[in-house]
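Okay, so here's the structure we're looking at.
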């Protein structure tokens, strides 16, 4: 039997794994400073390149912050950090055949859930915040740039109502990844902002009435129209 060479484990992997265990266990807490590179070299019996590579690896995981001339500091990965790490792979996925449609479907699934949640769990204060966002959207009609921002803001409030930072981070990412779609569908003809506003109004009224099924239906109708309109415009180019 021919032997299969195994990939040799790097010293930096051992250092990174050990430090990660200390962070997970709480022995190294958020905001703590790690020892200096020289001290880490002494503790682990490795050279400076291995220490720096380990710290860089932990930095990419959001576990340490590395600044030139300072000792590395322990940090906590945020939902936004995790989502940002997906940005480059997401854009490559969108450029693949069917990629945009897949992300449109993901947005539909996600925002339907947000609409249902708002109808069922939104507080009076949450509904008032959504009403303010809807009014800002109405007042911005005729000003495309401002309308686009208030469109984003209206949908963002639905994510905020969950009181879950992971959902607000996902919403921000989907807005960014599907930005070209929003530009295309809103910049095509006069009156398209009125169509979008009326869709938002229907969503708001269903949520304010605490009707989860109607909220879902209104959101589905709105986003399916946006996706359909984008496809028509993209194919016409």
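The values are calculated or read from the model by the stated rules, or taken from the named source; none is laboratory data. Values in this document were obtained by computation on a predicted structure and should not be read as measured data. Here Cβ is always computed from backbone atoms with ideal geometry, including for glycine, and neighbour counts include all displayed protein chains.
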Review point. When you scan segment 213-232, how many residues do you find that are over 25 Å from the mean Cα position of the chain (by Cα) and surrounded by fewer than 15 Cβ atoms within 10 Å (Cβ to Cβ)?
Key: 2
Check your understanding: Is there a residue in segment 27-35 that is outside any helix (DSSP H, G or I), without any contact (Cβ under 8 Å) to a residue 24 or more places away in the chain and either over 19 Å from residue 176 (Cβ atoms) or within 30 Å of the chain's Cα centre (by Cα) (or both)?
Key -> yes
Practice item. State whether the residues of segment 164-174 include one that is surrounded by fewer than 19 Cβ atoms within 10 Å (Cβ to Cβ), out of contact with any helix residue (DSSP H, G or I) (no Cβ under 8 Å at 6 or more places or on another chain), in a loop (DSSP other than H, G, I, E, B) and on the phi > 0 side of the Ramachandran plot. Key: no
Review point. Has segment 178-200 got any residue that is free of Cβ contacts under 8 Å to residues at least 24 places away in the same chain, closer than 28 Å to residue 125 by Cβ, surrounded by 14 or more Cβ atoms within 10 Å (Cβ to Cβ) and in the same structural domain as residue 115 (by TED's automatic domain parsing)?
Key: no
Exercise for review: Being more than 27 Å from residue 194 (Cα to Cα) and crowded, with 18+ Cβ neighbours inside 10 Å is the filter here, so list the residues in segment 147-163 that pass it.
Suggested key: 162
Revision key, fill the gap. Only one of (1) part of a helix (DSSP H, G or I); (2) at pLDDT below 95; (3) exposed (fewer than 15 other Cβ atoms within 10 Å of the Cβ) does not apply to residue 93, and that is (3)
Check your understanding: List the pairs whose first member sits in segment 142-157 and is touching a residue at least 12 places away in the same chain (Cβ under 8 Å), whose second member is part of a helix (DSSP H, G or I) and surrounded by fewer than 18 Cβ atoms within 10 Å (Cβ to Cβ), and whose Cβ atoms are under 7 Å apart, counting only residues at least 6 apart or on separate chains?
Key -> 148/182; 150/136; 152/175; 153/136; 157/129
Review point. Pick from 119, 236, 206, 136: which is surrounded by fewer than 17 Cβ atoms within 10 Å (Cβ to Cβ) and modelled with pLDDT of 95 or more?
Key: 136
Practice item. Evaluate segment 188-196: report whether one residue or more is in a helix (DSSP H, G or I) and either under 27 Å from residue 91 (Cβ atoms) or under 22 Å from the mean Cα position of the chain (by Cα) (or both). Key: yes
Practice item. Return the only residue of 142, 113, 69 being outside any helix (DSSP H, G or I) and farther than 30 Å from residue 11 by Cα. Key: 142
